[in-house]
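Structure provided below as structure tokens; questions to follow.
The values are calculated or read from the model by the stated rules, or taken from the named source; none is laboratory data. Here the structure is a predicted model, which is why all the values come from computation and not from measurement. Ideal geometry is used to build each Cβ from the backbone, glycine not excepted, and the neighbour counts take in all protein chains shown.
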Amino acid sequence: MRKSLHFKKQLMKWIVFCGTLLFAAFYFFPVFYMFITGFKTENQAAYPTLIFTPTLETYKEVLNSDMMRYLGNSVFQVVLGTLITTVLSVFAAFSILFARFKKRGRGGSMYYWFITTILLPPVAVLLPLFIIFSNFHLNQNSWSLLFLYVGFHIPIGVWLIYSFFCDIPGEVVEAARVDGCDGLRLMFRIIVPIARVGIITAALLVAVFIWNEFFLGFNLSSPMTATVPVYLQKFKEQQGQFIAKLCASTTLASLPPIICGWFSLKSLIKGLTSGAVKG
């Protein structure tokens, strides 16, 4: 009887392991294929095969193309956009939860207002934004696109950071207020240090959202201010069936968020799971 139960447990473990392995292979094969295709010539990429002579010529051509300008635009948007969005989201979340809005009983309505704006699709405001950008030539300025990204991602930042602020015990806040720590001192000395992992998590997610943003960048930017996702789409249109260059460009565009996520994986996992173990 015991041997039978042990055999069933081992069999179930192997079934789960094999299923997970097959799912991972199915999920990562397109990424692997994209990666190796970047080391092919266009002739080799036209006839898919796993056996070929690797070459760096395709990557050299991509690095010598306009992609570096688009990559620089993306880095500019992500770094400044994430910084501004995170700072403003921290102030907004703190105000809603701890400061005047809560004291006046309006914290809930303000929070729901931020949440509601997340549901607003960008296409709903594309036409007025396009008219404004065209009339004032804002599509020639990277700062215009930056403030647009910040405006669209602040609600997400407030939503995430507010949820982490809610996990802070009320006793800690009340004790700090009794000791005379209120207002900005309360935020910088108590709230932000306690919720720093959550704030970092929110910043990382906002950075990923901005890096991958395509719709607004495609419709409201110029070739001089466009980001990498826009470049990849235009690259395919202009270059036709240059599959190897497209795969090499996509691989290079994927490296910054992968590297950033790898080094911040511990903080990201800790932040995303902090609420799951509460209590």
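Residues in region 1-55 that are more than 22 Å from SER254 (Cα to Cα) and part of a helix (DSSP H, G or I): how many?
Count: 24.
Right, here's the next one. Would you confirm whether or not region 204-219 contains a residue that is surrounded by fewer than 15 Cβ atoms within 10 Å (Cβ to Cβ) and of a type in the set (Gly, Ala, Ser)?
Within region 204-219 (the criterion being surrounded by fewer than 15 Cβ atoms within 10 Å (Cβ to Cβ) and of a type in the set (Gly, Ala, Ser)), the answer is no, since none of the residues qualifies.
Can you name every one of the helices (runs of 4 or more DSSP H) wholly within region 115-224 that holds 1 or more residues which are more than 23 Å from the chain's Cα centre (by Cα) and farther than 18 Å from VAL78 by Cβ?
Here the list reads 126-135, 170-178.
Among the listed residues LEU71, LEU88, which satisfies the condition of being over 24 Å from ILE258 (Cβ atoms), surrounded by 14 or more Cβ atoms within 10 Å (Cβ to Cβ), at pLDDT 90 or above and assigned by TED's automatic domain parsing to the domain that holds TYR149?
Values: LEU71 fails: over 24 Å from ILE258 (Cβ atoms).
Checking each option against the conditions leaves just LEU88.
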